[in-house]
Amino acid sequence: MAPGPFLGYNPSRMKAKVLIVDDEEAVVKALVGALQDEGYGCVVAKDGREALEVFVRERPDVALLDVWMPDMDGLEVLRRIKEMDSECPVIMISGHATVATAVKAMKMGAIDFLEKPLSIEALLLTVERALRKPPGDDSKKGRFPRALLGKGPERTASPQRTIKKSAVLYGTGLHSGQKTGLLLLPQPPNTGILFYDLAEDVAIPALVDHVASTDFATSLGKDGVYIRTIEHLMATLHAYGITNLLVKVNREVPVMDGSALEFCRLLDEVGLEEQEEGVHEIRICRRYEVRNGLRVITLEPSDKLEVEFVLRYPPPIGEQRLYFVLEGPEGFKEEIAPARTFAFLRDVESLSKMGLAGGGHLHNVVLLDERGPINTELRFPDEMVRHKVLDLIGDLYLLNRPLRGKIRAFMTGHRENIALLKQVKEDLGL
């Protein structure tokens, strides 16, 4: 197949020019057909060296680049393209790349990473985002209807936000024990927060309706695909006010050191971008309550998000109380984000038999016996209750917008948090 613009296409009506680099002719034909149907012009190359020649001659607006090619692999082509034009968005595609490859590509400047077989719809959305031309149809797969962001009593608008550029993080899943990567990608207004499974090509909105499990963590599910342990990342997005984001992950969000500090550092590094459209906060107007035995959580009206949490265990924890107001990232980073996951030594064996805590190691969990921590020093005397507040702040963001109200919780966890959100959602018709 010869490089250059395809015949029969009118450049004067072209949305943008896309360079497609792939040695599989069937893949190239499918991509060209889909992109031209949407108004894009296409230039193609079958290997890396040809791609660089075409790039210099044609100066495309965006490049689709296969990872595995003869002679020169896609990562090397990516590096050279970025040397020639650091601003040109490059989207990597592959049928058998690892998460580590995806992370490396993102660090080298790629804006996204798509798995073969490609979803044409996902491809078009990615190209549109790369060109900063968000699609007008909010009903497409993985996108939220605009009305969802405009409901709720006593609405107050605050800016929608995304991140300024793509970000990557690499770690281990707490429960799976598997190495996993995390790719964060900016999104246009009214997208919401989406989790995307790299292996299965499934996007799952971060909404309470998609909560599939609350056993030891909050997990999302859709079409038989599950993404686990989202709460620490969601808490960080909540604190930073990020409303639009695509999170690509391999089945489980990495646990890092058991806290949310690494997520905070990542967002501080890439920066935030305020968007023109607003998001309506939920202001609670009446009292809600969930009881589960001795566990109780209530939500009442307030002009800010207040959390009052009581944790009561036998020694060495005893009773711990915390009052916290979420007013932005600074207080969150100082008081809540550093608090780590904790576990009791007596429970580790039973969790292991259940197939959980496979990634729980001495560096990412506070392990307790009857005397206290046995593997680390506490970051706060009341680190355990602070971690419970961290989990709660993450779960609360599954309504897809900021919430103003006062939470009082006694010994509750993910199950009670989600039950409370479902009450609010049903009552307000969200």
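The values are calculated or read from the model by the stated rules, or taken from the named source; none is laboratory data. As the structure is a prediction and not an experimental result, all values here were calculated from the model. Neighbour counts are summed over all protein chains in view; Cβ atoms, including those assigned to glycine, are modelled from backbone coordinates with ideal geometry. When the accessible area is computed, the model is the full protein with side chains, heavy atoms only, and any ligands, DNA or RNA have been set aside. Shrake-Rupley method; radii C 1.70, N 1.55, O 1.52, S 1.80 Å.
Candidates are the residues of region 332-364 that are modelled with pLDDT of 85 or more and either open to solvent by less than 40 Å² (accessible area, probe 1.4 Å) or part of a loop (DSSP other than H, G, I, E, B) (or both); the one that is farthest from Gly318 (Cα to Cα) is Phe332.
Among the conditions (1) at pLDDT 85 or above; (2) open to solvent by 20 Å² or more (accessible area, probe 1.4 Å); (3) within 29 Å of Gly258 (Cα to Cα); (4) not small (Gly, Ala, Ser), Pro159 misses just one, which is (3).
Does Ile204 satisfy the condition of being on the phi < 0 side of the Ramachandran plot, among the hydrophobic types (A, V, I, L, M, F, W, C) and in contact with a His (Cβ under 7 Å, 6 or more places away or on another chain)?
Answer is yes for this residue.
Restrict the check to region 48-56 and report whether at least one residue is open to solvent by less than 20 Å² (accessible area, probe 1.4 Å), at pLDDT below 90 and more than 15 Å from Lys15 (Cβ to Cβ). Checked region 48-56: no residue is open to solvent by less than 20 Å² (accessible area, probe 1.4 Å), at pLDDT below 90 and more than 15 Å from Lys15 (Cβ to Cβ). Of the numbered criteria (1) over 20 Å from His232 (Cβ atoms); (2) in contact with a Gly (Cβ under 9 Å, 6 or more places away or on another chain), the one Pro402 fails is (1). For region 66-119, filtered to residues that are touching an Asp or Glu at 6+ places or on another chain (Cβ under 6 Å), open to solvent by less than 20 Å² (accessible area, probe 1.4 Å) and of a type outside the set (Val, Ile, Thr), the residue that is modelled with the highest pLDDT is Asp66.
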